[in-house]
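As structure tokens, the structure follows; a few thoughts come after it.
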Amino acid sequence: MSGHQAYGRPLSLFHHDHPLLGHLVHDTLHDLTGRLTAVCPEVNPAASRTLTAIPGDGPPVAWLRPPQGGGQEWTTPLDHIREPKP
């Protein structure tokens, strides 16, 4: 078991709740806006070569997709997520 504190209540499959889940957010690290689709650990790099991706044991990160839907998903640390400016 890791010593990391998970954000929000656990949901399932290593995912955690977040008040902005499903909403548009601004990623201050990458200066991008996207829809927050998940809060869970990064995929374990060794397991990413298999058919089943297994989350790593690090802290949860924010998983985002471009606001228009589809496109390349990216991750960023949770402390870089903000509500977008109007």
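Among what's in the stretch 11-22 and is surrounded by 12 or more Cβ atoms within 10 Å (Cβ to Cβ) and closer than 18 Å to Pro77 by Cα, pick the residue that is modelled with the lowest pLDDT. Restricting to residues being surrounded by 12 or more Cβ atoms within 10 Å (Cβ to Cβ) and closer than 18 Å to Pro77 by Cα, the top hit is Phe14. Checking each residue in the stretch 34-84 for being acidic (Asp, Glu) and modelled with pLDDT under 90 picks out Glu42, Asp57.
The values are calculated or read from the model by the stated rules, or taken from the named source; none is laboratory data. Only a predicted model underlies this, so the values are computations on that prediction, with no experimental measurement involved. Backbone-built Cβ (ideal geometry, glycine too); neighbour counts: all protein chains shown.
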